[in-house]
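In what follows, a structure is listed as structure tokens, so that the remarks can point back to it.
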Amino acid sequence: MFQFIMKLNMLITGGTGMVGQSIKKMQENIPFNCYFLGSKDCDLTNYEETKKLFSKIKPDYVIHLAACVGGLYKNMNNKVEMFEKNILINTHVLKCCYEFNVKKCVCCLSTCIFPDKITYPIDETMLHNGPPHDSNDAYAYAKRMLEKHCEFYNNNFNTNFVCVIPTNIYGTHDNYNLEDSHVIPGLIHKCYLAKLSKEKFVVKGTGKPLRQFIYSNDLAKLILWVASSYKSKESIILSVGEKEEVSIKEVAIIIAKIYDYEENIEFDTKFSDGQYKKTASNKKLIENIGEFEFTPIQVGVQESIQWFISNYNNCRK
Ligand code: NAP
Ligand code: GDP
């Protein structure tokens, strides 16, 4: 009998960003027509534009990564922007996923949106059990609403919207801006400049806070696994294990060693440390996926530094 196999469409919002570009590297393993889009293709804060995009692409699957993203200091200084843009983007994307009958939408939260005062390790059930740390409450509340919004759609209309919760992500195609970025890309850029000008490599805060970091290429694999094989609609933390947690000081040393600039690290304690730790459990992930080999942080940071130096003129910074 004649078999008509039609390729499905997958829309990756935030496709020009760090995680989107990591998924793009794996494109040949994805049996879909993939559309990796950024804000120049469609401003998702605008509902009419979002609707036009969905009616043009007619996505069967959506990986929703687009967001107003930043490190601790961007979150502290731009609360209205972090809240409004994320609320708008998420509302428009989910509404269109529903209106255009998307089969599955995978949305992205973050472990930094969990309550500040909490027992460790953090698990998926704890997301709404108290206020977030005040340094990033605007981003956190907007992202928390994304989880509830998915739940309401799933309950009312039997959609298949699921949230993943990654820890602090780093990798190639990151935002390497000195003020707004997350800690790893910020320090990669700073150490590069410090060595060039033979100045101190200044790390903000005390260096004592603890973080779990995930390499963007690893996260891309896990997000695709969620899209294809994770059958539940309950949120799932995508993280390295608790033993992989490192201090900011350790991260600074890893970066400085790669640049051979280790003797020049200095901590500027005038800056806030943010939340001390956000230790998350990846028990649910491992129970569901079986085994997963995470890239060691030294390897991921080395690859990120190589990419940053090779793309210095054109990367986001
Ligand atoms: P990123 O590199 O900053 O990329 C953000 C993406 O969103 C870009 O493609 C950007 O497009 C797009 N975007 C922003 N505003 C938009 C708008 N108004 N309309 C359409 N697209 C818009 O982000 P990422 O680090 O890959 O993060 C991916 C996801 O993971 C986000 O949902 C983020 O909240 C989450 N997350 C990130 C971290 C982290 O450490 N980075 C940790 C946990 C969770 P243009 O570049 O073209 O403007
Ligand atoms: P978080 O994990 O959500 O808190 O976000 P970040 O990736 O911004 O990490 C913040 C932690 O790194 C805080 O303890 C900061 O004090 C520390 N840190 C040290 N230097 C920098 C820097 O240049 N940029 C950023 N974003 N954080 C830094």
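Every number in this text was worked out from the coordinates using simple rules, so none of it is lab data. Keep in mind it's a predicted model, so treat the numbers as computed, not measured. Because the Cβ atoms are built from the backbone with ideal geometry, glycine has one as well, and the counts that use them run over all protein chains shown.
Listed values, structure above:
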read-out: DSSP bridge orientation in region 1-117 - percent antiparallel, rounded to nearest 5; value: 0
read-out: Anchor K51: aspartates and glutamates whose Cα lies under 20 Å away (excluding residues fewer than 8 positions away in-chain); value: D41, D43, D60, E84, E99
read-out: Low-density loop cleavage sites - trypsin sites (Lys or Arg not before Pro) in region 66-151, where at most 15 other Cβ are within 10 Å (DSSP); value: K103, K117
read-out: Low-density loop cleavage sites - GluC sites (Glu not before Pro) in region 229-259, where at most 15 other Cβ are within 10 Å (DSSP); value: E234
read-out: Beta bridge orientation in the chain: antiparallel %, DSSP, nearest 5; value: 10
read-out: Cross-link partners of K249 among aspartates and glutamates (Cα-Cα below 19 Å; sequence separation of 8 or more within a chain); value: E179, E199, D260, E262, E263, E266, D268, D273
read-out: 10 Å Cβ shell holding at most 13 others, DSSP loop, chymotrypsin sites (Phe, Trp or Tyr not before Pro): longest site-free stretch of the chain; value: 5-275
read-out: nm² value of the averaged projected area, convex hull over the Cα atoms of the chain; value: 17.4
read-out: Förster radius 25 Å - calculated FRET efficiency between K195 and E303, Cβ distance, rounded to 0.05; value: 0.85
read-out: Region 21-115: Cα Rg divided by the 2.2 N^0.38 Å rule of thumb; value: 1.15
read-out: Inter-part distance where region 20-52 and region 117-135 are each reduced to a Cα centre, Å; value: 31
read-out: Fewest-first ranking of M76, M18, M6, using other Cβ atoms within 10 Å as the exposure measure; value: M6, M76, M18
read-out: In range of the label at L178: residues from region 38-76 whose backbone nitrogen is under 16 Å from the point 7 Å along Cα→Cβ; value: 73-74
read-out: Partners for K148 among lysines (Cα-Cα distance below 19 Å; same-chain residues under 8 apart left out); value: K85, K95, K103, K104, K231, K233
